[in-house]
Amino acid sequence: MEEDKKEGRSAAIIIYAFPSFILLGAIIAFVFPEPFVPLTEYINIFLTIIMFTMGLTLTLPDFQMVLKRPLPVLIGVIAQFVIMPFLAIVVAKIFNLNPALAVGLLMLGSVPGGTSSNVIAFLARGDVALSVTMTSVSTIVSPIMTPFLMLMLSGTETAVDGMGMAWTLVQTVLLPVIIGLVLRIFLSKWIDKILPVLPYLSIMGIGGVVFGAVAANAERLMTVGLIVFVAVIVHNIFGYILGYLTGRMFKMPETANRTMAIEIGTQSAGLASGMAGRFFSPEAALPGAVAAVVHNITGAVYVGLVRNRPLTKETKRKETIKVSS
């Protein structure tokens, strides 16, 4: 019981401290951009750090659910790669975003689930096993799905280097995750000792991506900052709503519905910002940079709204979590 309370406190610290750190750093990078602009040269390194730390938190049992309960995982991952990209297109048209911001929002909708989603699912009393598995599976298939979606949906105004994007995702996402997973398997006792530190390393990596993007676009943010902020919030909130309704439509238990909302609505914002900045333009990185703050704030609000709502007897069970997920 005491260990569970300690995990809960650690998870809460991560989810509430994360957006505060990113928001404060983004403000500083906006006001004093010069020291942060060079960070844009190290985007691949930051992305590798983010994904490597994620891989270190995974274990083989995290993937067993694919075999034990494949349907909710399959439904969730497909829904994520359908709902969020098409929702990005709709939101971009509604707000009449320019091509750079539109493709950045599409990139945000086309990347895998965010690493903070597992913590949000735990605090919201969702199905944590489903959350971890959906994040893992969406990350592994992202080198195929993300370039495919960008090629199919970006329109004729924006050229997309599909092969280059796929290869970059293999290098910065797939390989670091696999290497981290292998190290966790063979060096589990040592890795277990550093697990509490890993979320903070991931946060620093996301900070490196976001602060560089904000600094490189400090002047542009003066004119488009508000519209980007609103577009990202709308995209995120409707992702939660449609994700939850997806679970309800397939008659999943309440814990799974909550997780569907979180996993579909929460994207890997740091990855989106880094990839958009690398393959399109500094301005295209803005939706992902803004989402790094917004997704965690809305996640905290979501936890506050649903955590104390009753679960049915069938789904009211205790969930465990690796806080570092």
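Listing for the model above:
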{"quantity": "ALA100 being in contact with a Ser or Thr (Cβ under 7 Å, 6 or more places away or on another chain) and surrounded by fewer than 24 Cβ atoms within 10 Å (Cβ to Cβ)", "calculated": "yes"}
{"quantity": "Selection within segment 212-240 - among the β-branched types (Val, Ile, Thr) and surrounded by fewer than 17 Cβ atoms within 10 Å (Cβ to Cβ)", "calculated": "THR223, ILE227, VAL230, VAL234, ILE237"}
{"quantity": "Set MET51, MET65: member being in contact with a Pro (Cβ under 6 Å, 6 or more places away or on another chain), assigned to a helix (DSSP H, G or I) and either buried (at least 21 other Cβ atoms within 10 Å of the Cβ) or on the phi < 0 side of the Ramachandran plot (or both)", "calculated": "MET51"}
{"quantity": "Of all residues making up segment 58-88, the number that are in contact (Cβ under 8 Å) with a residue 40 or more places away in the chain and under 23 Å from MET275 (Cα atoms)", "calculated": "10"}
{"quantity": "Selection from segment 150-173 of residues that are touching a residue at least 40 places away in the same chain (Cβ under 8 Å) and part of a helix (DSSP H, G or I)", "calculated": "MET150, LEU153, GLY164, MET165, THR168, LEU169, GLN171, THR172, VAL173"}
{"quantity": "Number of the exception - TYR200 against (1) under 25 Å from ALA17 (Cα atoms); (2) surrounded by fewer than 21 Cβ atoms within 10 Å (Cβ to Cβ); (3) at pLDDT 85 or above; (4) within 18 Å of the chain's Cα centre (by Cα)", "calculated": "(3)"}
{"quantity": "Every residue from segment 90-132 that is within 14 Å of the chain's Cα centre (by Cα) and not aliphatic (A, V, I, L, M)", "calculated": "GLY109, SER110, PRO112, GLY113, GLY114, THR115, SER116, SER117, ASN118, SER131"}
{"quantity": "Residue in segment 143-150 that is surrounded by fewer than 24 Cβ atoms within 10 Å (Cβ to Cβ), within 19 Å of the chain's Cα centre (by Cα) and among the aromatic types (Phe, Trp, Tyr) present", "calculated": "yes"}
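Residues checked against (1) of a type in the set (Val, Ile, Thr); (2) surrounded by 24 or more Cβ atoms within 10 Å (Cβ to Cβ); (3) over 30 Å from PHE21 (Cβ atoms):
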position	(1), (2), (3)
SER116	no, yes, no
ALA121	no, yes, no
LEU130	no, yes, no
LEU174	no, no, no
GLY207	no, no, no
VAL210	yes, yes, no
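The values are calculated or read from the model by the stated rules, or taken from the named source; none is laboratory data. Every value quoted in this text rests on a predicted model; they were computed, and no experiment measured them. Positions of Cβ are backbone-derived with ideal geometry, glycine not excepted, and every protein chain shown enters the neighbour counts.
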